[in-house]
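> Provided herewith is a single structure, encoded as structure tokens, for subsequent inquiry.
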Amino acid sequence: MKLLLTMLPQWWARVPVSEPAPITPDTQPTVVLGIESSCDESSAAVVEVGREVRSNVVASQIALHRRFGGVVPEIASRQHVLALPTVTAAALREAAMGWREIEGIAVTYGPGLAGPLLVGINFAMGLSLARRIPLFAVNHVEAHVLSVWLETPEPPRLPMVSLVVSGGHTELILVEGVGRYRVLGATVDDAAGEAFDKVGRLLGLPYPGGPSVEKAAGKANGTVTELPRAWLPGTYDFSFSGLKTAVLRLVQTQGKVASPEGAERLSLAEEDVASIAAGFQESVADVLTAKLARAVEDQGAGSAAIVGGVANNKCLLNVARSRLDVELRWPAPGLSTDNAAMIAGAALLNPRPADYDLDAVPSLSLS
Ligand code: KG4
Ligand code: ZN
């Protein structure tokens with residue numbers, strides 16, 4: 001299977017198998033093609049030195065996974081096999097660049113889902129072999145952290161405290177420099193995005209829950225259900241499972257039994273959904289931003305950042321801005337949720353040359 005996947009891009013690129021790309025420890029590309037497939041987004045992008053995004057093509061699989069209420073790894077892997085050649089061709093076309101101009105191929109090797117990661121790695125290795133372009137390995141969480149260096153004239157002021165909030169991660173990271181990170185705290189159970197997704201499901205909202213919960217909360221008209229906060233005092237850690245259970249209890253007490261096609265389920269009035277969604281969103285934003293602000297103060301940081309899919313949440317950004325005395329950064333449009341531009345950008349900022357024995361590391365950590 002692995003061999004077959006490695007051969008696919010060579011067939012697609014219509015070139016014979018050639019000598020491995022010349023990789024040296026000081027290989028420093030200036031134009032990089034990024035490949036991202038760690039979860040349910042198949043993406044390819046071209047980024048140029050100066051961190052200018054020339055193209056960033058994302059094929060989302062949301063519609064495929066929606067009826068399961070979450071990502072099914074096997075379906076995601078198969079879809080990446082189908083989508084990666086198409087998004088790669090589109091990324092080159094949109095960047096108006098040919099293979100000759102690409103100096104590096106960057107790929108996510110972890111953390112993420114094993115199958116989807118392997119598809120991306122083998123695809124990128126095949127391209128690297130076929131085109132004799134050096135391969136670079138990228139840590140997905142580092143790419144989220146470095147996403148605030150893209151599409152902006154000034155790099156952020158360091159040290160910076162970065163709050164990584166996505167479907168798979170919730171971490172508070174002290175960034176002392178590119179490649180110099182210290183994880184200050186992390187979730188002890190669900191990631192923030194995962195909590196949004198699960199609460200969205202409990203409230204009967206469409207997957208993914210993050211945007212749906214935010215939209216529902218926007219209809220609350222000031223009626224906000226008060227929900228608990230897990231402070232985990234004395235730590236920079238987070239917990240969202242108690243909050244999720246509190247929402248479940250509310251749905252069980254306030255929900256009325258609806259029986260579509262004989263299957264029993266609880267259904268809430270629209271105003272109750274809005275009020276609970278607003279209360280949930282406020283609770284998450286309150287805890288995340290309180291810890292972010294405290295970390296900034298404790299560490300004497302010069303700036304703060306919120307990155308990852310949940311950085312799209314306006315309530316979170318607004319509460320953070322109101323609490324911080326330092327500059328707050330968040331990714332440029334299209335760079336919060338999973339995308340390959342941040343993967344290529346990470347390889348430009350912190351290139352880590354990889355060999356053809358590169359393997360997926362599903363639980364890769366930052367340090
Ligand atoms: O960064 P990302 O694309 O994937 C991972 O690396 O995990 O983040 C996806 C997560 C999902 O859980 C989604 O519900 C959440 O980001 N998300 C949001 C919003 N947009 C996406 N959460 C809250 N509010 C949003 N507007
Ligand atoms: Zn991500």
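> For segment 86-115, which positions are part of a loop (DSSP other than H, G, I, E, B) and either within 19 Å of the chain's Cα centre (by Cα) or of a type outside the set (A, V, I, L, M) (or both)? Spell out how you get there, then give the answer.
Start the filter on segment 86-115 by keeping residues that are part of a loop (DSSP other than H, G, I, E, B), which leaves 96-98, 102-103, 111-113.
Correct list: G98, E103, P111, G112, L113.
> Within segment 340-357, take every residue that is touching a helix residue (DSSP H, G or I) at 6+ places or on another chain (Cβ under 8 Å) and assigned to a loop (DSSP other than H, G, I, E, B) and give me the one that is farthest from G120 (Cα to Cα).
Step by step, filter segment 340-357, then rank; the result is N350.
> Cβ-Cβ below 6 Å, separation at least six or inter-chain, first residue in segment 300-317 and in a loop (DSSP other than H, G, I, E, B), second surrounded by 24 or more Cβ atoms within 10 Å (Cβ to Cβ) and hydrophobic (A, V, I, L, M, F, W, C): which pairs?
A301/M160; A301/V161; G308/V164; G308/V165
> Among the listed residues G70, G126, which satisfies the condition of being at pLDDT below 95 and either surrounded by fewer than 20 Cβ atoms within 10 Å (Cβ to Cβ) or more than 16 Å from ligand 2 (Cβ to nearest atom) (or both)?
Values: G126 fails: at pLDDT below 95.
Being at pLDDT below 95 and either surrounded by fewer than 20 Cβ atoms within 10 Å (Cβ to Cβ) or more than 16 Å from ligand 2 (Cβ to nearest atom) (or both) holds for just one of G70, G126, which is G70.
> Could you go through segment 116-125 and let me know if any residue there is within 27 Å of L364 (Cα to Cα), out of contact with any Phe, Trp or Tyr (no Cβ under 7 Å at 6 or more places or on another chain), within 14 Å of ligand 1 (Cβ to nearest atom) and in a loop (DSSP other than H, G, I, E, B).
Pass one, segment 116-125, residues within 27 Å of L364 (Cα to Cα): 116-125.
Filter once more, so that each one left must be out of contact with any Phe, Trp or Tyr (no Cβ under 7 Å at 6 or more places or on another chain): 116, 118-120, 122-124.
With within 14 Å of ligand 1 (Cβ to nearest atom) added as a condition, the list becomes 116, 120.
With in a loop (DSSP other than H, G, I, E, B) added as a condition, the list becomes none.
Checked segment 116-125: no residue is within 27 Å of L364 (Cα to Cα), out of contact with any Phe, Trp or Tyr (no Cβ under 7 Å at 6 or more places or on another chain), within 14 Å of ligand 1 (Cβ to nearest atom) and in a loop (DSSP other than H, G, I, E, B).
> Can you tell which of G218, G110, G193 is under 17 Å from L243 (Cα atoms) and of a type outside the set (K, R)?
Numbers: G218 fails: under 17 Å from L243 (Cα atoms); G110 fails: under 17 Å from L243 (Cα atoms).
Of the residues listed, the single one that is under 17 Å from L243 (Cα atoms) and of a type outside the set (K, R) is G193.
> Scan segment 185-206 and report the pairs whose first residue is of a type outside the set (K, R) and whose second residue is more than 16 Å from ligand 2 (Cβ to nearest atom) and in a loop (DSSP other than H, G, I, E, B), with Cβ atoms within less than 6 Å and a gap of 6+ or a chain change.
Matching pairs, first to second residue: G185/T235; G185/Y236; G185/D237; V188/D237; V188/S239; D189/S239; D190/F240; A195/F240.
> When you scan segment 101-110, do you find a residue that is at positive phi, at pLDDT 95 or above and surrounded by 17 or more Cβ atoms within 10 Å (Cβ to Cβ), even just one? Before you say what the answer is, go through the steps one by one.
So in segment 101-110, the residues at positive phi come out as 110.
Then drop every residue that is not at pLDDT 95 or above, which leaves 110.
Remaining after also requiring surrounded by 17 or more Cβ atoms within 10 Å (Cβ to Cβ): 110.
So far as segment 101-110 goes, yes, one or more of its residues are at positive phi, at pLDDT 95 or above and surrounded by 17 or more Cβ atoms within 10 Å (Cβ to Cβ).
> Now for a separate question. If you take the residues in segment 305-345 that are of a type in the set (V, I, T) and away from ligand 2 (no atom under 16 Å from the Cβ), which one is nearest to T289 (Cα to Cα)?
Just the residues of segment 305-345 that are of a type in the set (V, I, T), to begin with: 306-307, 310, 319, 326, 337, 343.
Among the residues that remain, those that are also away from ligand 2 (no atom under 16 Å from the Cβ) are: 319, 326.
On the way: V319: 7, V326: 13 Å.
So, considering only residues that are of a type in the set (V, I, T) and away from ligand 2 (no atom under 16 Å from the Cβ), the one nearest to T289 (Cα to Cα) is V319.
> Would you confirm, using the coordinates I've provided, whether A143 is under 22 Å from E52 (Cβ atoms) and surrounded by 23 or more Cβ atoms within 10 Å (Cβ to Cβ)? Talk me through it step by step, then tell me what you get.
Numbers: under 22 Å from E52 (Cβ atoms): yes; surrounded by 23 or more Cβ atoms within 10 Å (Cβ to Cβ): yes.
When the stated conditions are applied, A143 passes them.
The values are calculated or read from the model by the stated rules, or taken from the named source; none is laboratory data. What you see is a predicted model; the values in this text were computed from it and never measured. Quick reminder, even Gly has a Cβ in these numbers, built from the backbone with ideal geometry, and neighbours come from all protein chains shown.
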